[in-house]
Amino acid sequence: LHDEILRVRMVCVERAFTRIPRILRDAARGEDKKVNLNLEGSETEIDKNILEAMNDPLLHLIRNTVSHGVEDPEERARAGKPEIAQITVRATQEGNQVVLEVEDDGHGIDPDKLRRIAANKGLLTVEQAAGLNDAEVMELIFEPGFSSAEEVNELSGRGVGLDVVRNVTNRFNGSVS
């Protein structure tokens, strides 16, 4: 009976995936960027309550990818990349856990830039920032109020961000990196 009740609560991740194309399209238009979306693993099953709780954080990650991860078309051309960026959202089952990944082919996160931002915002001293290894510096993006955006706009710079994603994920005994 217990197993049957658990099975009834399971839904396909596809439910969350249905909103992603519109959110991505709107975000890309607002940032004047060109993106192509790849959705993988929509048949992966997850507990309905967890999926509902993760829906907003997942959409935030999508917006973050467009705003911070993907370069504008001119910068992509200078780097020898196709004008259209690739963003992949992937769901996989690993044992009794579901892994949700958001990946882009952008320039990645610059640890030195994060060190400078943290020092400029007074989150760390210059010495403390310099003493962190790259993995520790990457954790700064999950701090409340932390933003690497140079200008505040509809998608980024407000400091409401990845800390929310981490908090929701932690609430369900998950992790984010």
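Results for (1) over 19 Å from SER177 (Cα atoms); (2) of a type in the set (D, E, K, R), shown as yes or no for each residue.
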{"residue": "GLU4", "(1), (2)": "yes, yes"}
{"residue": "ARG22", "(1), (2)": "yes, yes"}
{"residue": "ARG25", "(1), (2)": "yes, yes"}
{"residue": "GLY30", "(1), (2)": "yes, no"}
{"residue": "ASN38", "(1), (2)": "yes, no"}
{"residue": "GLY41", "(1), (2)": "yes, no"}
{"residue": "ALA53", "(1), (2)": "no, no"}
{"residue": "LEU59", "(1), (2)": "no, no"}
{"residue": "ALA85", "(1), (2)": "yes, no"}
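Quick check, is ASP47 in contact with a strand residue (DSSP E or B) (Cβ under 9 Å, 6 or more places away or on another chain) and more than 16 Å from THR88 (Cα to Cα)?
Details: in contact with a strand residue (DSSP E or B) (Cβ under 9 Å, 6 or more places away or on another chain): yes; more than 16 Å from THR88 (Cα to Cα): yes.
Yes.
Restricting to the stretch 84-98, name every residue that is closer than 17 Å to THR169 by Cβ, of a type in the set (A, V, I, L, M, F, W, C) and at pLDDT 95 or above.
VAL89, ALA91
Evaluate the stretch 141-160: report whether one residue or more is hydrophobic (A, V, I, L, M, F, W, C), exposed (fewer than 12 other Cβ atoms within 10 Å of the Cβ) and at pLDDT below 90.
Checked the stretch 141-160: at least one residue is hydrophobic (A, V, I, L, M, F, W, C), exposed (fewer than 12 other Cβ atoms within 10 Å of the Cβ) and at pLDDT below 90.
Filter the stretch 84-115 for residues that are in contact with a Ser or Thr (Cβ under 9 Å, 6 or more places away or on another chain), surrounded by 17 or more Cβ atoms within 10 Å (Cβ to Cβ) and not in a strand (DSSP E or B) and give the result.
ASP105, GLY106, LEU114
Being small (Gly, Ala, Ser) and either in contact with a helix residue (DSSP H, G or I) (Cβ under 6 Å, 6 or more places away or on another chain) or over 30 Å from SER42 (Cβ atoms) (or both) is the filter here, so list the residues in the stretch 95-130 that pass it. Before the answer, list the steps.
Taking the stretch 95-130 as the starting set, the residues that turn out to be small (Gly, Ala, Ser) are 95, 106, 108, 118-119, 122, 129-130.
Hits for the stretch 95-130 are GLY106, ALA118, ALA119, GLY122, ALA129, ALA130.
Return the residues of the stretch 117-132 that are surrounded by 14 or more Cβ atoms within 10 Å (Cβ to Cβ) and either closer than 25 Å to SER67 by Cα or touching a Ser or Thr at 6+ places or on another chain (Cβ under 7 Å) (or both); say none if nothing qualifies.
ILE117, ALA118, ALA119, LYS121, LEU123, LEU124, ALA129
Could you give me the residue pairs with C-beta distances under 7 Å whose first residue belongs to the stretch 61-85 and is small (Gly, Ala, Ser), whose second residue is assigned to a helix (DSSP H, G or I) and open to solvent by 20 Å² or more (accessible area, probe 1.4 Å) wherever it lies, and which are 6+ apart or on separate chains?
SER67/GLU31
The values are calculated or read from the model by the stated rules, or taken from the named source; none is laboratory data. Computed from a predicted structure; not experimentally measured. No Cβ is skipped: glycine too gets one built from the backbone with ideal geometry, and neighbour counts run over all protein chains shown. Ligands, DNA and RNA are stripped out before the accessible areas are found, and what is left, the full protein with its side chains, is counted by its heavy atoms. Shrake-Rupley method; radii C 1.70, N 1.55, O 1.52, S 1.80 Å.
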